[in-house]
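Each remark here refers to the structure printed beneath this line.
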Amino acid sequence: EIKSEYTGIVNQVYVTEWQQVEKGDPLAKLDTREGDIMLRKAQAAVDVIKASLAEAQVESNKADREYERLLNLNEVGLVTKQNLDDANTSKEAVEARIGAIKAQIEASEEEVRHAETRLSKAVIYAPIDGIVALRSVNVGDLVGEVGSPKLMFCIVDNRLLDLTCSIPSWELEKIKLGQDLDFWTDAIPGQTFNGVINF
């Protein structure tokens, strides 16, 4: 049973009922215009924060040079202790700002990964090999609403099926667990199926 984790409008449906599919085949694609905008917005936020990092690194280089210059002047007694302390504080402040910006970059990159993950769920793929036994969506349908029980597709792995049938009580003594069973169905004339009685 296949539902959508992504809420959206169905743009394309690639399969019909009773069609054979393989694991990984696309079944449907949802409208991703809103998700695409969110991804671009998240990527732009990363770019803006990286520009802030470059700016802060320039300030850090300037603060380092200023501190080194004041250290050299301090050796010959041309700088007060206050000036040296102020330069060191400025240097530490820029380093702290760089650390904060790097943390912002990590958070923003996580937003990009989240948006990419959401978009990857906009294409619904077959989770197993089998036959599409149910297709309950069409182009234009809204899917993925929170709490919705609506199925999009049901895929049956028809290599192994369960047969459930009724047995008259007077035949029960002939039935044993593990017994081989041959059966046929009017739905597929001329073909005999083999199985084992499980219960």
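Across the alpha-carbon atoms of region 120-174, the computed radius of gyration and Dmax are 18.1, 56 angstrom.
Largest first, how would MET152, MET38 line up by accessible area (1.4 Å probe)?
Working: MET152 0, MET38 105 Å².
From most accessible down to least: MET38, MET152.
For region 61-105, take the alpha-carbon Rg, divide it by the Kirkwood Rh, and send me Rg/Rh. Walk me through the numbers on the way to the answer.
On the way: Rg = 12.6 Å, Rh = 11.2 Å.
Rounded to two decimals, Rg/Rh equals 1.13.
Kirkwood radius for the chain, taken over all pairs of different Cα atoms as the inverse mean of 1/r, rounds to 23.5 Å.
At a probe radius of 1.4 angstrom, the accessible area of the chain per residue rounds to 70 square angstrom. To the nearest 10 degrees, how steep is helix 81-120 against the longest Cα principal axis of the chain, on a 0 to 90 scale? Roughly 20 degrees, rounded to the nearest 10. Considering all alpha-carbon pairs of region 1-107, what whole percent are spaced by more than 24 angstrom? For region 1-107, the share of Cα pairs beyond 24 Å comes to 58 percent. Counting protein heavy atoms only, region 64-171 has 54 percent of its accessible area on carbon and sulfur, 1.4 angstrom probe. Summarised in one figure, the compactness ratio Rg/Rh of region 154-199, Cα atoms and Kirkwood Rh, is 1.00.
When the surface is traced with a 1.4 Å probe over the full set of protein chains, GLU59 keeps roughly 70 Å² accessible. Overall size of region 16-66 from C-alpha positions, given as principal axis extents largest first: 75, 22, 5 Å. Three principal axis extents describe the C-alpha atoms of region 60-163; from largest down they are 96, 30, 20 Å. By a 1.4 Å probe calculation restricted to protein chains, THR80 has an accessible surface near 70 Å², given to the nearest 10. Accessible area per residue (1.4 Å probe, heavy atoms of protein chains only) ranks SER52, SER166, SER4 as SER166, SER52, SER4, with the largest value leading. Couplings 3J(HN,Hα) for region 12-29, derived from phi with the Karplus relation 6.51 cos²θ - 1.76 cosθ + 1.60 (θ = phi - 60°), are 9, 10, 9, 10, 10, 5, 6, 8, 6, 10, 10, 3, x, 5, x, 9, 7, 10 Hz, where x marks Gly and Pro.
Report, to the nearest 10°, how far helix 33-75 tilts away from the longest principal axis of the Cα atoms in the chain, using its own Cα long axis and a range of 0 to 90°. The two axes meet at around 30 degrees.
The values are calculated or read from the model by the stated rules, or taken from the named source; none is laboratory data. The structure presented is a predicted model; accordingly, all values stated were derived computationally and were not measured. These accessible areas exclude ligands, DNA and RNA; they are computed on the full protein's heavy atoms, side chains included. Shrake-Rupley method; radii C 1.70, N 1.55, O 1.52, S 1.80 Å.
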